[in-house]
Amino acid sequence: MIEVKGLRFTYPGSKEPALKGLDFSIAKGEIFGFLGPSGAGKSTTQKILIGVLKQYEGQVNVMGKQLRNVKSEYYEKIGVAFEFPNFYNRFTALENLSLFRSLYSGPTEEPKRLLSMVELEKYADTKVSDFSKGMKMRLNLCRALLNKPDILFLDEPTSGLDPVNAKTIKDMILDMKAAGKTILMTTHNMKAAEEICDRVAFIVDGGISLIDAPRELKVRRGKRRVSVEYREEQQLECVTFELDGIGSNELFHKLLAEKKIETMHTQEASLEDIFIEVTGRSLG
């Protein structure tokens, strides 16, 4: 769905390029995450892919067409949800969605159905000025889905949300993947990326350091050990075993048979640990 080769971009008046030759591709039905700190180049890449920034160098093909050659019909096929939603505050949620819906010439979703999907149906007639940030973020996703897009561009989709609202958004994103949508998500929220992305790209200072599936990264770069916690006379004890040969480890089997095991987990690295190791940068 998206193929990028040698993508470079320099903002007017800047001597340093914001993007320094990016190469990546995104398959149909894939959730692809761009991970990096503020100023890394995530938003610049996204703005190029949605057609906001034009004067780039390199090749950008979306849905089989060179992006430089696409016309207004391109926007009938993509959905965009920015981190900071912009709505008409004096309009209700339903009025906002109905207005944006009217801008499309192709098939569209029923606004009330979208509001129901994000549990905002009872606020359909509430002015957006009375919405919390979490409600606006959910309404923002509704707006991005109005035109039944093939590709979704999501910028920090769980930013500032409480755990319940964040889970609602993540579940919706996974539902969209199941429906065949292709999703590019920019974020610095490593936990959200671990949970929903098929692959992630680490981007720092305008360059991509690594692209892979979160699980593969965590397993490959983690320690091949398993940690077992158990109770011994009300005292919590912890023993670590090497994974290699654990099937024939007598002490491991004895613990499982004789002790009350409280936790047992492998010591894979977190995505944030891997990011810092690979890029030498934190997400701050």
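Worth a mention:
- Distance violations [Cα-Cα > 21 Å] among K28/K133; K65/K181; K136/K167: K28/K133
- Accessible area of the stretch 142-213 divided out per residue, in Å², using a probe of 1.4 angstrom: 34
- As a fraction of the 1.4 Å probe accessible area of the chain, surface on carbon and sulfur atoms comes out at 48 percent.
- Kirkwood Rh and Cα Rg combined as Rg/Rh, the chain: 1.07
- Taking amide H as placed 1.01 Å from N in the peptide plane, G79 has its amide H under 5 Å from the amide H of I151, L152, F153, each at least 5 places away in sequence or on another chain.
- Hz values of 3J(HN,Hα) by residue in the stretch 198-210 - Karplus curve (6.51, -1.76, 1.60), Gly and Pro given as x: 6, 9, 10, 10, 8, 10, 9, 6, x, x, 8, 8, 6
- The stretch 165-220 - Rg and Dmax from Cα coordinates, angstrom: 12.2, 34
- Cα centroid separation - the stretch 210-284 against the stretch 113-140, whole Å: 41
- The alpha carbon gyration tensor of the stretch 150-264 gives principal lengths a ≥ b ≥ c with a/c of 1.5 or higher and a/b greater than b/c, which makes the shape prolate.
- Euclidean distance between Cα centres, the stretch 161-204 to the stretch 16-76, Å: 18
- Per-residue extension of 0.36 nm, minus the Cα-Cα distance of S102 and K71, leaves a gain of 9.3 nm for this segment.
- P(r) for the stretch 1-145, from all Cα pairs and a bin width of 5 Å, is 2, 8, 16, 17, 16, 14, 13, 9, 4, 1, 0 %, short bins first.
- If R0 is taken as 41 Å, the Cβ-Cβ distance between K28 and D162 corresponds to a FRET efficiency of 0.80.
- In the context of the full set of protein chains, the stretch 13-118 has a per residue accessible area of 53 Å² (1.4 Å probe).
- Segment L256-E195, extension gain: residue separation times 0.36 nm, minus the distance between their alpha carbons: 19.0 nm
- The amide H of R225, built 1.01 Å from its N in the peptide plane, has L243, Q267 as neighbours under 5 Å, considering only residues 5 or more places off or on other chains.
- Axial C-alpha extent at least 20 Å, average Kyte-Doolittle at least -0.5 - helices from the chain (DSSP): 163-178
- Cut-off 13 Å between beta-carbons: net charge of the residues surrounding M137, Lys and Arg +1, Asp and Glu -1: +1
- For A201, residues with placed amide H under 5 Å, excluding near neighbours: G33, F34, L35
The values are calculated or read from the model by the stated rules, or taken from the named source; none is laboratory data. The shown structure was predicted, so the numbers you read here are calculated from the model rather than taken from an experiment. Cβ coordinates were reconstructed from backbone atoms using ideal geometry, including for glycine residues, and neighbour counts include every protein chain displayed. In case anyone asks, the SASA skips ligands and DNA or RNA and just uses the protein heavy atoms, side chains included. Shrake-Rupley method; radii C 1.70, N 1.55, O 1.52, S 1.80 Å.
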